[in-house]
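To start, the structure under review is shown below, and the notes come after it.
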Amino acid sequence: MPAMTFDLFSDTELPPRPPQQIADSAWLLPGFVDTRRAEAIVALLRRLVRQAPLRRLQTRGGHWMSVETASCGRYGWISDRAGYGYSERDPVSGQPWPEMPPLLRQLAQDGARQAGFADFAPDCCLINGYRPGAKMGLHQDRDERDFSQPIVSLSLGLPAIFLWGGLQRSDPVRRIGLMHGDLMVWGGPSRLVYHGVAPLRPGRHPLLGEWRLNLTFRRAR
Ligand SMILES: O=C(O)CCC(=O)C(=O)O
Ligand SMILES: [Mn+2]
């Protein structure tokens with residue numbers, strides 16, 4: 001019998017993974033984006049980050065985040081010693097953020113609809129770049145105005161462990177594997193769940209090399 005080989009990164013070699021309900025109004029949609037579409041998205045992102053480069057942000061406490069961040073859409077999320085929140089301009093260039101490409105907006109809306117949120121209208125797409133060792137501590141996404149709108153989050157590149165907690169910081173945390181092309185959607189009673197990303201393990205992805213990219217779509221205002 002020939003040896004079974006699984007290419008960890010190819011959606012044609014992996015056994016199918018069905019949608020998984022993580023919590024009330026929280027879904028993991030594995031392989032939401034296939035290899036071809038992911039290539040188109042990465043090509044768009046390469047253009048976007050030439051306009052609005054990925055950069056490390058400082059927290060109000062003076063700590064440098066390990067993730068590198070940019071945005072597209074009407075609003076971008078920024079943080080520095082003066083505080084954090086949404087801005088209509090990229091502080092690096094002084095210019096408005098690049099427009100959210102229709103392909104990305106549509107993808108976020110399709111994913112939200114599949115998770116039960118039919119009227120998601122994102123005005124921000126946060127682009128997070130992780131290199132091996134980069135992580136995101138447990139936090140809530142709570143700088144947005146309308147918590148009836150969900151969060152839609154696409155993973156590309158190296159796999160990651162997503163940390164899914166509860167409504168209290170001290171609640172138990174589940175570890176959820178996120179692969180290239182996976183979409184997470186959370187809203188409703190789960191909208192303010194604490195979440196984060198464990199330190200990225202070293203590896204090389206065929207499309208993105210030593211990177212994981214995460215696109216987080218939100219309605220900011
Ligand atoms: O990288 C991820 O999967 C999560 C990112 C995130 O939670 C955020 O940007 O607020
Ligand atoms: Mn978040």
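Let me know the whole percent of all Cα-Cα pairs from the range 15-76 that are separated by more than 15 Å. Before the final figure, lay out the partial values.
Details: 1325 of 1891 pairs.
In whole percent, the share of Cα-Cα pairs in the range 15-76 beyond 15 Å is 70.
Heavy-atom accessible area per residue, the range 135-190, 1.4 Å probe: how many Å²? Please list the in-between numbers first.
On the way: 2300 Å² over 56 residues.
On a per-residue basis, the range 135-190 sits at 41 Å².
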Point to revise | Nearest-ten-degree value, helix 102-114 long axis tilted from longest Cα axis of the chain | key: 70 degrees
Revision key, fill the gap. Given the candidates 173, 122, 84, the one whose Cα lies deepest towards the positive end of the charge dipole of the range 76-175, counting +1 at each Lys or Arg C-beta and -1 at each Asp or Glu C-beta, is 173
Point to revise | Within the range 86-215: Cβ-based charge dipole about Cα centre, in debye rounded to nearest 20 (Lys, Arg +1; Asp, Glu -1) | key: 600 debye
Check your understanding: Counting pairs of alpha carbon atoms under 8 Å apart in space and at least six apart in sequence, what relative contact order in percent does the range 72-221 give?
Key -> 30 percent
**Study point:** Amide H contacts under 5 Å for residue 211, placed H, 5+ residues apart
**Key:** 158, 205
Study note, to complete from the structure: In Å³ per residue, the alpha-carbon convex hull of the chain encloses 124 Å³
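For residue 64 and residue 17 in one chain, what is 0.36 nm times their gap in residues minus the Cα-Cα distance, to one decimal in nm?
On the way: separation 47, 0.36 × 47 = 16.92 nm, distance 3.59 nm.
Here the answer is 13.3 nm.
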Check your understanding: Given the C-alpha centroids of the range 27-48 and the range 147-164, what is the distance between them in whole angstrom?
Key -> 13 Å
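Using unit Cβ charges (K, R positive; D, E negative) and no other charged atoms, how large, in debye to the nearest 20, is the dipole of the chain about its Cα centre? Write down the numbers at each step before the final one.
Values: 28 positive and 21 negative charges, 111 e Å.
Using Cβ point charges on Lys, Arg, Asp and Glu, the chain gives about 540 debye.
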**Study point:** Whole-Å distance, taken between Cα centres, linking the range 116-138 and the range 75-101
**Key:** 15 Å
Practice item. On a 0 to 90° scale, report how tilted helix 35-51 is relative to the longest principal axis of the chain, with both axes built from alpha carbons and the result rounded to the nearest 10. Key: 30 degrees
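Compare 35, 216 by solvent-accessible area with a 1.4 Å probe and give them largest first, with all protein chains kept in place. Could you put the intermediate results ahead of the total?
Working: 35 55, 216 10 Å².
Result, largest first: 35, 216.
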Point to revise | Cubic angstrom per residue, convex hull over Cα atoms of the range 91-221 | key: 123 Å³
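Let me have the 222 nm mean residue ellipticity of the chain computed from DSSP H runs of 4+ only, each contributing -39500 (n - 2.57), with the sum over all residues rounded to the nearest 500.
Numbers: 2 runs with 30 residues, N = 221.
Taken over the chain, the calculation gives -4500 deg cm²/dmol.
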Practice item. Arrange the peptides 198-209, 110-121 so that the one whose residues have, on average, the most other Cβ atoms within 10 Å appears first. Key: 110-121, 198-209
Exercise for review: Tabulate in residue order the Karplus-calculated ³J(HN,Hα) for the range 205-221, using 6.51 cos²θ - 1.76 cosθ + 1.60 with θ = phi - 60°, rounded to whole Hz; enter x for Gly and Pro.
Suggested key: 9, x, 8, 10, x, 8, 10, 10, 10, 10, 10, 10, 9, 9, 9, 7, 10
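Rounded to a whole number of µm²/s, how large is the Stokes-Einstein D of the range 67-133 at 25 °C and 0.890 mPa s, given Rh as the Kirkwood radius over C-alpha pairs?
D, rounded to a whole number, is 187 µm²/s.
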Point to revise | Per-peptide average of other Cβ atoms within 10 Å, ordering 43-53, 179-189, 72-82, 159-169 highest first | key: 179-189, 72-82, 159-169, 43-53
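The values are calculated or read from the model by the stated rules, or taken from the named source; none is laboratory data. All values reported here derive from a predicted model rather than from experimental measurement. Because the Cβ atoms are built from the backbone with ideal geometry, glycine has one as well, and the counts that use them run over all protein chains shown. Keep in mind that these areas ignore ligands, DNA and RNA; they rest on the heavy atoms of the full protein, side chains included. Shrake-Rupley method; radii C 1.70, N 1.55, O 1.52, S 1.80 Å.
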